[in-house]
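Written out below as structure tokens is the structure these notes cover.
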Amino acid sequence: MTEIPADNPTPTLTQDHSKRNSRVIMLLVVSAFVVILNETVMGVAIPHLMTDLEITANAAQWLTTAFLLTMAVVIPITGFLLQRFPTRGIFIAAMSLFSAGTLLAAVAPGFDVLLIARVIQASGTAIMFPLLITTVMQLEPPATRGRRMGSISIVISVAPAIGPTISGLILSVFSWRYMFIFVLPVALVALWMGWRRMENVTEPRNVPLDLLSVVLSAFGFGGFVFGLSRLGESTEGSLAMSTIAAISVGIVTLGLFVWRQIVLQRTNTALLDLRVFRTPTFTISVVMFMILMVSLFGSLILLPLFIQGVLGLSVLESGLVILPGGLIMGLLAPTIGKLYDRIGPRPLLVPGAILVAAVLWTLTFILDPGTPVWQLVAAHMTLSIGLALMFTPLFTASLGSLPPHLYSHGSATLSTLQQVAGAAGTALFISTMSAVAIASADEGASAAQAQSDGIQAAFMIGAVMASLAIVFAFFVRPPAEDPVDEVPAGSHTEGAITH
């Protein structure tokens, strides 16, 4: 056995910690990729589910809506969970929930059981991503956070992009059950590896849980996301009273939730500490991030609709058109992470925002029933390059600008707003497309031309929003090497890392 020299024990210990940290982060990255990939596989399976389970389109859509609702309810609570419980325990709980939900979905005898399975899956998914972000921020030094956040960018950008392609490939050969059968072994291996190799890298704190905040959060974020989801599902150009009521209840309850958090922040007992928005870089980065999520999810929804509804291609072919863009984001993420560590956020964000806006404006004008497929592939690949240039810098700059005791609250806030932005983007793009398509059809346009007009109008809204992101990009500053942690001594929110 090699002895550590008594006069210089630090290098070996540091190396051991570095290996442990890398192992923990890689386990979290792989697991997060699997659970987030699962989030987008259901959309293209709805026609198959309607036939096999003998259910209506509205009922089948609940398999996606219930997933989003569960995410919106659980994610705001993760700030508390990440402080209260050890890393290994949270990881095992999250992957156990996801694996159990996946198994139940694979053997579900009918719609009701499948819906319950999706809720269980979503409960595990909601915990995993904030756990990954918070752990990286706690373990990775500021000088190398960019390359680590590049791995997270792969998770959040590539997984949703290739999900529809993978499900399209599976559904072209197998039944819908195989979407879960193929995911289950990967989830179980990740759970087994975590059980064996995951270590506790943070020290739990005895933080209190404000039940009123939990209830307000559930009704606020849940009601708002539900209303937006229903708005996105509307294809008749009119709003149901239930949709208006859900959005109204969500907004009012969110206002009460924010008021409650401001009161609890005085004693450092907030469920979601909103003092993260006192940091300008975090606030600007979150606004830009939400614009990006609207652009990403909007393009992932509108392009397949255009390819299938206007050009008449299959589900699998539409997935293959989007696949190169998803892959290019994954290939660029590590390089962009290294560039961030060298040159900071602004030189990456500005050209990235310009590319995103340029592509969305281009799609606004080129889409019609005669558009060649190669132009769509080129446009989506260019859009993906722009998104890749922005995801890693925004992640790293936003959370890196916060003091350590707010990492868990920052990651929970970012993840929650990601879900809200995804639902809002879907609702905004689909409702705009539907309204313009109906108006165009009333004026005598063909079905394909009417849908094309609607999709063009939706992309124009995305282009305007992306143009605003160009302005915001100039105001994102590199975070300080070591943000001052002003948490009072003995506070409930004070965090620590286990060495």
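Each Lys and Arg adds +1 at its Cβ and each Asp and Glu adds -1 at its Cβ; summed about the Cα centre, region 17-151 shows a dipole of about 920 debye.
Relative contact order for region 239-330: 11 percent, from Cα pairs under 8 Å spaced at least 6 residues apart, divided by residue count. For the peptides 264-272, 19-27, the ranking by mean Cβ contacts within 10 Å, running from highest to lowest, is 264-272, 19-27.
Computed over region 266-406, the P(r) tail beyond 17 angstrom holds 64 percent of alpha carbon pairs.
Think of it as helices only: each DSSP H run of n ≥ 4 in the chain is worth -39500 (n - 2.57), and spread over all residues that comes to -26000 deg cm²/dmol at 222 nm. Note on the chain: dipole from Cβ charges, positive end direction compared against SER213, MET433, GLN456; the farthest Cα belongs to SER213.
Comparing Cα centroids, region 265-341 and region 118-183 end up 12 angstrom apart. Relative contact order of the chain, taken over Cα pairs closer than 8 Å and 6 or more residues apart, is 23 percent. Look at the dipole of the chain built from charges on Cβ: of PHE391, SER172, PHE365, the Cα furthest out on the positive end belongs to PHE391. Can you find, among PRO345, GLY319, PHE257, the residue farthest towards the positive end of the dipole of region 257-376? Put +1 on the C-beta of Lys and Arg, -1 on that of Asp and Glu. The residue sitting farthest along the positive end of the dipole is PHE257.
Convex hull of alpha carbon positions in region 236-347: directionally averaged projected area 11.7 nm².
If you wrap the tightest convex hull around every Cα atom of region 371-466 and split its volume per residue, you get 100 Å³.
Rounded to the nearest 20, the size of the Cβ-charge dipole of the chain about its Cα centre is 860 debye, with Lys and Arg at +1 and Asp and Glu at -1. One way to sum up the overall shape of the chain is the equivalent ellipsoid from its Cα gyration tensor, whose semi-axes run 37, 25, 24 Å, largest first.
Give me the base-10 log of I(q)/I(0) for region 161-313 at each q in 0.14, 0.15, 0.19 Å⁻¹, Debye formula, one uniform scatterer per Cα, rounded to two decimals. Calculated log10 I(q)/I(0) at the listed q: -1.17, -1.22, -1.21.
For LEU209 and SER314, the FRET efficiency from 1/(1 + (r/R0)^6), where r spans their Cβ atoms and R0 equals 56 Å, is about 0.70.
Our compactness index for region 56-165, the C-alpha radius of gyration over the empirical 2.2 N^0.38 Å, is 1.20. Would you work out if region 27-98 is rounded, prolate or oblate? Take a ≥ b ≥ c from the square roots of the eigenvalues of the alpha-carbon gyration tensor; rounded if a/c is under 1.5, else prolate when a/b is larger than b/c, oblate otherwise. Cα axes put region 27-98 in the prolate bin.
Here, each number is a calculation from the coordinates, and none is a lab measurement. As the structure is a computational prediction, the values presented were derived from the model and not from experiment. All Cβ positions, even for glycine, are placed from backbone atoms using ideal geometry, and neighbour counts span all protein chains on display.
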